[in-house]
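The next block holds one structure in the form of structure tokens; read it before the comments.
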Amino acid sequence: MTDAKHVSAVVTARRDVSPDLWIVRLRTEERISFIPGQYVTVGLPEAGRLVERPYSVASSPREAELEFFLELVPGGHLSPHLYHVPAGERVLVRRLAKGRFLFDDQSGHPFHFMVASVTGVAPFVSALREMAARYEEGERIPYRIALLHSASVARELGYCEELSAYARRFDWFEYIPTISRVWLDPSWRGELGRAEDVIRKRLDSLGFTAGETTAYACGNPVMIENAKGVFERAGFPKESFKQEIYWVAQKGE
């Protein structure tokens with residue numbers, strides 16, 4: 001089923017990251033144009049109506065398929081249904097990508113500090129895949145970029161292998177994975193703590209100063225609010241902080 005707003009898409013691949021996290025790839029009947037950082041709305045018909053939810057795209061715009069890093073939300077409107085869609089089955093995708101959580105190439109800042117919690121890494125993966133492709137085609141990347149990615153345990157860092165490879169390959173990129181529940185992952189040898197616990201330490205060690213850095217935060221609203229406070233105390237002006245909140249925090253969260 002397609003209409004003026006939607007196009008059909010087939011699930012081509014799925015990778016389970018943990019029992020409630022998975023990465024899925026969709027091939028749409030028509031190419032969906034987007035800019036890294038934007039989101040695309042995915043839907044399924046349920047009980048006679050179309051249930052939809054927007055998801056940040058993890059793939060580069062040059063890839064033939066759309067990729068998403070998804071979380072199973074108990075009681076959620078869409079994710080419990082989407083979770084059970086196997087490869088070969090179809091979903092609906094809105095034709096128009098939206099969103100303004102884009103890479104800042106207008107301020108002239110040489111430094112860019114990205115902060116993500118779990119699935120919030122998706123828009124940064126999209127941007128970095130595009131930059132990596134451009135760099136390998138011979139284009140100079142005139143920035144230094146750091147990505148701080150937090151999760152409870154290491155297996156939730158769904159793109160750790162890919163991003164670590166980028167960090168080894170590109171002198172303009174640094175990847176900083178961190179976990180908060182080390183007692184559940186005693187073999188972990190990386191950074192420790194929640195994202196907001198690590199931000200200031202890494203800003204200082206990298207020499208990313210407020211006047212020359214754009215900061216970004218994506219994912220959990222509590223993390224974003226805490227990260228915003230860290231950046232404010234570090235002297236970042238409002239216009240140098242960009243955020244993409246994945247859901248609305250309830251009181252007490």
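Over all directions, average the projected area of the Cα convex hull of the range 111-245 and note it in nm². Please list the in-between numbers first.
Numbers: hull surface 31.0 nm².
Over all viewing directions, the range 111-245 projects a mean Cα-hull area of 7.7 nm².
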To the nearest 10 degrees, the tilt of helix 160-169 (Cα long axis) against the first principal axis of the alpha carbons of the chain is 50 degrees
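What dipole magnitude, in Debye to the nearest 20, does the range 111-245 give about its Cα centre under +1 on Lys/Arg Cβ and -1 on Asp/Glu Cβ? Please report the intermediate quantities before stating the final value.
On the way: 17 positive and 19 negative charges, 49 e Å.
Dipole size: approximately 240 debye.
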The chain, helix-only ellipticity at 222 nm - DSSP H runs n ≥ 4, -39,500 (n - 2.57), divided by all residues, nearest 500
-6500 deg cm²/dmol
For the chain, what size does the Cα cloud have along each of its three principal axes, sorted from largest down, in whole Å?
53, 44, 34
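Would you calculate the volume per residue, in Å³, of the smallest convex hull containing every Cα atom of the range 184-223? List each step's numbers first, then the result.
Numbers: hull volume 3.8 nm³, N = 40.
Once divided by residue count, the hull of the range 184-223 is 96 Å³.
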Pick from GLY219, GLY48, GLY211 the residue whose mean-square fluctuation is largest in a GNM of the chain, springs joining Cα atoms under 10 Å.
GLY48
As I understand it, the value is the acute angle between the Cα axis of helix 195-206 and the longest principal axis of the Cα atoms of the chain; what does it come to in degrees, rounded to 10?
50 degrees
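With r as the distance between the Cβ atoms of ALA47 and ARG200 and R0 = 51 Å, compute the FRET efficiency 1/(1 + (r/R0)^6) and round to 0.05. Before the final figure, lay out the partial values.
Numbers: r = 48 Å, r/R0 = 0.94.
Once rounded, the FRET efficiency stands at 0.60.
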Take PHE208, PHE101, PHE113 and order them by how many other Cβ atoms sit within 10 Å, fewest up front.
PHE101, PHE208, PHE113
Per 10 Å bin, what is the whole-percent P(r) computed from every C-alpha pair distance within the range 66-141?
12, 36, 32, 16, 4
Say the dipole of the chain comes from +1 at the beta carbon of Lys and Arg and -1 at that of Asp and Glu; which of SER60, THR28, ALA133 then lies farthest toward its positive end?
THR28
On average, how much area does the Cα convex hull of the range 6-94 cover when viewed from any direction, in nm²?
5.5 nm²
For VAL198, VAL7, VAL24, order by how many other beta-carbon atoms lie within 10 Å, fewest first
VAL7, VAL198, VAL24
Taking the range 111-245 and dividing mean pair separation by its residue count, relative contact order in percent (alpha carbons under 8 Å, at least six apart):
29 percent
Label ARG189 and ARG15 with points 7 Å out from Cα along Cα→Cβ: what is the distance between them in nm?
2.2 nm
5 angstrom amide H check on PHE173, placed H, neighbours 5+ away:
ILE145
If I fit a long axis through the Cα atoms of helix 221-233 and take the longest principal axis of the Cα atoms of the chain, what angle between them do I get, 0 to 90°, rounded to 10?
20 degrees
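Once Rh for the range 141-221 is found with the Kirkwood sum over Cα pairs, what is the Stokes-Einstein diffusion coefficient at 10 °C and 1.306 mPa s, in µm²/s?
Numbers: Rh = 13.6 Å.
My calculation gives 117 µm²/s for D.
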Relative contact order [Cα under 8 Å, 6+ residues apart], the chain, whole percent
18 percent
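What's the magnitude of the charge dipole for the range 1-123 around its Cα centre, counting Lys and Arg as +1 and Asp and Glu as -1 at the beta-carbon? Answer in Debye, nearest 20.
Taking the Cα centre of the range 1-123 as origin, the dipole is about 240 debye.
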Have a look at SER33, SER187, SER150 and tell me which one the Gaussian network model of the chain (Cα, springs below 10 Å) gives the largest fluctuation.
SER187
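So if I place +1 on the C-beta of Lys and Arg and -1 on the C-beta of Asp and Glu, and nothing else carries charge, what would the dipole magnitude of the chain be about its Cα centre? I want it in debye, nearest 20. Kindly include the intermediate steps, with their values, before the conclusion.
Values: 32 positive and 34 negative charges, 44 e Å.
The calculation lands at about 200 debye.
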Contour minus end-to-end for VAL222 and GLN106, with contour as 0.36 nm per residue of separation and end-to-end as the Cα-Cα distance?
39.0 nm
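Every number here is computed from the coordinates shown, using simple stated rules; none is lab data. It should be emphasised that the depicted structure is a prediction, and the values quoted were computed from it without experimental measurement. With ideal geometry, Cβ positions are generated from the backbone for all residues, glycine too; neighbour counts draw on all protein chains shown.
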